[in-house]
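The values are calculated or read from the model by the stated rules, or taken from the named source; none is laboratory data. Predicted model only: the values in this text are computed from it and were never measured. Methodologically, a virtual Cβ is constructed for each residue, glycine included, from the backbone with ideal geometry; neighbour enumeration extends over all protein chains shown. SASA here: full protein model, heavy atoms, side chains in, ligands and nucleic acids out. Shrake-Rupley method; radii C 1.70, N 1.55, O 1.52, S 1.80 Å.
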Amino acid sequence: MLSAVNGEFESGFEAGGQTREHALLVRSLGVSQLIVAVNKLDTAQWARARYDELRERISAFLIRQAGFREQDIQFVPVSGLTGDNLLPSSKQHPTPQVLTEWYSGATLLDCLDKLRPPERLFDRPLRIAISDVYKAGSGLGVSGRVETGFVATGDRLMSQPAGLPCSVKNIILESGEPKQVAGAGELVTMTLNGVDLGQVLIGAVLSEMSSPCPSGNRLRARIVVIGERPLTVGQPLMLHIKAAAEPATVRKIVSQIDKATGEVLKKGPRSLPKGSTGEVELKVQRLVCAERFADCKELGRCMLRLGDTTVAAGIVLKVRIDKEQE
């Protein structure tokens, strides 16, 4: 969402602005399709020149630096305050003539309808990323997203990284509808038997007993540095994977990489500057659930944050347990 108000787009897009950070962040986390809504264009009298200016500037950044494909980016002029061009024109709410004189493209709703739905991985081992935990009568209530596979009432599951077995008493979808079975892509609330409050934490992952989710305290990741400051060896950060947030340290910077070609530019640098790509080894204080991005994209994306600032984002390449750290 871009603001067409003079000065507002510029402050968000120039150095230190959040527009660039958010675009790099969502691309690093796997988002491949983007709708760019140029909002508040009514304050510029729906001027085509202002729309074209913003489109040209943000397009160059999204394609050349963030890595989006041109065919996966949709642009649409809108006014959130008046509702213009959010929905198709009607007698009750006609599109302003000053806009239709030069724009005949899609509305925001049309753009949303054109997005390709994500693939649902029903054939993969079960992974449910837990985002909330609470006491539910005689059992334990958990909420989360079924990332891959299926879950059914009565299933015996394992909670990782604790390695605790449990069973599914009931399943309720986000809509409030009770179900016997839920599959990949659905948000669920479940009651578990066999575990207590404090044993299953936010950030845990439920999986099949025969195929438990990997966990570790040593990760190798390929990241893009988003923050204003360089990423340095020894830097303490918070590692975020799904709902999990654990203190971590940059133990080693393996290499700096050309993000376009994948070629190694420098081995073992002391730091990675802003906008650069590299491979790093992270030491986590406690075990955290994660998978190689090649095996499970949903649990293979990570973020590194310092306070309220996103420092870097990327994908997990390797997960292991450092016995000495334990």
Amide N proximity, the range 239-282 versus Leu201 label position 7 Å along Cα-to-Cβ, cut-off under 15 Å: 239-249
Computed label-point distance, nm, for sites Asp295 and Ser59 using a 7 Å Cα→Cβ extension: 4.2
Accessible area (Å², per residue) of the range 171-259, counting only protein heavy atoms and a probe of 1.4 Å: 44
Sequence-distant lysines (8 or more away, or on other chains) whose Cα lies within less than 20 Å of Lys135: Lys169
Length released on extending from Ala47 to Ser104, taking residue separation times 0.36 nm less the Cα-Cα span: 19.1 nm
Proximal lysines relative to Lys274, as straight alpha-carbon distance under 18 Å, when same-chain residues fewer than 8 apart are discounted: Lys252, Lys259, Lys266
Along each principal axis, Cα extent of the range 37-94, largest first, Å: 41, 21, 15
Label zone at Leu29 (point 7 Å along Cα-to-Cβ), backbone N below 19 Å, the range 266-286: 275
Cα-based convex hull, the range 11-69, per residue volume (Å³, whole number): 86
Directionally averaged projected area (convex hull, Cα atoms, the chain), nm²: 19.5
Estimated distance in nm for a label pair at Arg270 and Thr249, the labels positioned 7 Å out from Cα along Cα-to-Cβ: 1.8
Rounded percent of accessible protein surface that carbon and sulfur make up, the range 139-208, 1.4 Å probe: 53
Pair His93, Glu119: separation of 7 Å Cα→Cβ label points (nm): 3.7
Gained length - Met209 relative to Leu306, 0.36 nm times residue gap less alpha-carbon distance: 31.4 nm
Convex hull volume of the range 214-326 per residue (C-alpha atoms, cubic angstrom): 93
Cα long-axis angle, helix 48-61 against the chain (0 to 90 degrees, to the nearest 10): 30
Overall dimensions of the range 162-257 as given by Cα atoms, namely Rg and Dmax in Å: 18.1, 49
Net length gained if the chain between Met1 and Arg218 were fully extended (0.36 nm per residue, minus Cα distance): 74.4 nm
Per-pair calculated FRET efficiency, R0 = 45 Å: Ser11 and Arg286 via Cβ, rounded to 0.05: 0.70
Too-long pairs where the Cα-Cα distance tops 23 Å, listed order kept, from Lys297/Lys318; Lys267/Lys318; Lys242/Lys318; Lys179/Lys297: Lys179/Lys297
